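Reviewing the structure listed below.
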Amino acid sequence: MRIAFSALIALFALCFSSAYAQDAAPQWSLAIHGGAGVIERSSLTPEQDAAYRAALQGALDAGSAVLKGGGSALDAVEAAVQVMEDDPLFNAGRGAVFTAAGRNELDAAVMNGSDLTAGSVAGLTTTRHPIAAARAVMEKSPHVMLIGTGADAFAASVGLEQVDPAFFFTERRWQGLVKALTEAGQPIPERPVGAPLPGAQAEIAPPLNEKKFGTVGAVALDSQGRLAAATSTGGMTAKRWGRVGDVPIIGAGTYASNADGCAVSATGDGEYFIRATVARDICARIAGGAATQAAGQAEIADAERLGGKGGVIVMGLDGRPAFAMSTSGMYRGAVSSTDPARVAIYADEP
Ligand code: ASP
């Protein structure tokens with residue numbers, strides 16, 4: 001009887017503590033993505049699956065270290081995105097996809113929800129961390145969006161690391177370009193100057209669809225209640241004529257507003273995400289009373305009706321992240337002051 005009673009008390013304590021953990025609003029919270037697309041269990045070997053999960057964990061660690069120490073949502077999203085820009089697994093920074101001309105042209109944006117300041121860059125070719133360049137546009141220039149050589153020159157002028165364009169080269173993305181151009185019957189450009197010799201990079205093999213994998217993004221709430229969003233990408237394989245996607249367009253692939261109570265970073269078919277003004281519309285839905293999950297899902301459905309697939313991560317003022325996608329997978333992760341870090345890849349994972 002005595003044992004049964006203590007078991008009952010223990011059970012009660014357990015229920016109470018888990019209910020408490022569920023109810024307590026996180027003081028800070030971070031969510032990230034590493035791109036959405038046709039990602040099925042059969043697409044990845046166990047080694048590739050593990051490599052992506054480890055890379056996502058590394059980005060969560062970098063962002064959460066900032067938030068844990070009382071740092072800003074802005075610093076956290078930049079830190080998480082920089083880790084993924086440096087990781088050749090993702091289509092951002094090193095590891096970006098190639099244009100039809102055989103170049104890496106990088107786009108990025110950042111937005112500060114507490115004052116609606118924003119910065120973005122498109123078509124960078126020499127700045128190692130495009131997200132840092134976007135932030136510098138926001139904080140150190142009178143402009144919101146800079147493109148091409150001017151954007152790289154600005155980044156250099158504020159002291160951001162410049163690299164040889166070959167720094168961004170990865171064999172898997174080059175092979176992805178060769179395949180895409182071959183299928184489209186288009187000419188294959190010369191291998192970039194300074195690229196390693198074929199076979200020199202011992203990397204994990206590419207997954208199936210190389211056209212639009214691995215754009216990266218982060219959304220965060222900090223302990224002072226500020227929201228921020230950041231996104232960085234190489235765009236789409238074999239893009240042409242100076243093509244710019246949704247990522248650096250404020251309100252399409254990236255948006256944050258404390259007044260609306262949201263921070264959004266998107267990944268997917270950029271042309272459709274631009275036309276559906278995905279990120280801004282999610283915030284408008286939330287401002288109108290929708291839950292973060294419902295707002296994300298509704299907007300992803302709108303983009304899909306136009307013909308575009310992809311995913312979004314959404315952070316609300318309650319610090320509970322939402323993930324919505326119309327694809328079979330999205331590399332993603334979340335961590336908060338109340339919830340341990342978790343990473344996921346396939347759509348059916350919690
Ligand atoms: N949205 C990106 C773009 O269109 C691509 C992606 O997310 O994979 O540039």
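The values are calculated or read from the model by the stated rules, or taken from the named source; none is laboratory data. Predicted, not measured: the structure shown is a model, and the values here were computed from it. Here the Cβ positions follow ideal geometry from the backbone for every residue, glycine too, while neighbour counts run over all protein chains shown. When the accessible area is computed, the model is the full protein with side chains, heavy atoms only, and any ligands, DNA or RNA have been set aside. Shrake-Rupley method; radii C 1.70, N 1.55, O 1.52, S 1.80 Å.
The table below lists the values:
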read-out	value
Residue identified as open to solvent by 20 Å² or more (accessible area, probe 1.4 Å) and not charged (D, E, K, R) among I286, I345	I286
Test: G235 is within 16 Å of the chain's Cα centre (by Cα), within 14 Å of the ligand (Cβ to nearest atom), closer than 17 Å to F98 by Cβ and open to solvent by less than 10 Å² (accessible area, probe 1.4 Å)	yes
Residue in the range 211-222 that is within 12 Å of the ligand (Cβ to nearest atom), in contact (Cβ under 8 Å) with a residue 12 or more places away in the chain and of a type in the set (D, E) present	no
Residues being modelled with pLDDT of 95 or more and in a loop (DSSP other than H, G, I, E, B) - total across the range 148-190	13
Pairs where the first residue, in the range 70-88, is open to solvent by 10 Å² or more (accessible area, probe 1.4 Å) and the second is in a helix (DSSP H, G or I) and of a type in the set (D, E), C-beta under 9 Å, 6+ apart	V83/D61
Single residue of the range 118-133 satisfying the filter (touching a Leu at 6+ places or on another chain (Cβ under 9 Å) and under 23 Å from D222 (Cβ atoms)) that is surrounded by the most Cβ atoms within 10 Å (Cβ to Cβ)	P130
In the range 255-272, the residues that are outside any strand (DSSP E or B) and within 16 Å of the ligand (Cβ to nearest atom)	D269, G270, E271, Y272
The listed residue being of a type in the set (D, E, K, R) and within 19 Å of A31 (Cα to Cα), out of D107, D152, D75	D75
Subset of the range 52-93 (residues that are touching a His at 6+ places or on another chain (Cβ under 7 Å) and of a type in the set (D, E))	E85
Residues located in the range 143-202, provided they are polar (S, T, N, Q), open to solvent by 80 Å² or more (accessible area, probe 1.4 Å) and within 27 Å of the chain's Cα centre (by Cα)	T149, S157, Q175
Residue within the range 253-263 that is open to solvent by 10 Å² or more (accessible area, probe 1.4 Å), in contact with a helix residue (DSSP H, G or I) (Cβ under 6 Å, 6 or more places away or on another chain) and closer than 21 Å to L106 by Cβ present	yes
Filtered residue count, the range 175-192, keeping only those that are out of contact with any Gly (no Cβ under 9 Å at 6 or more places or on another chain) and more than 16 Å from A96 (Cα to Cα)	7
Among the candidates L146, L160, residue that is out of contact with any Lys or Arg (no Cβ under 9 Å at 6 or more places or on another chain) and not polar (S, T, N, Q)	L146
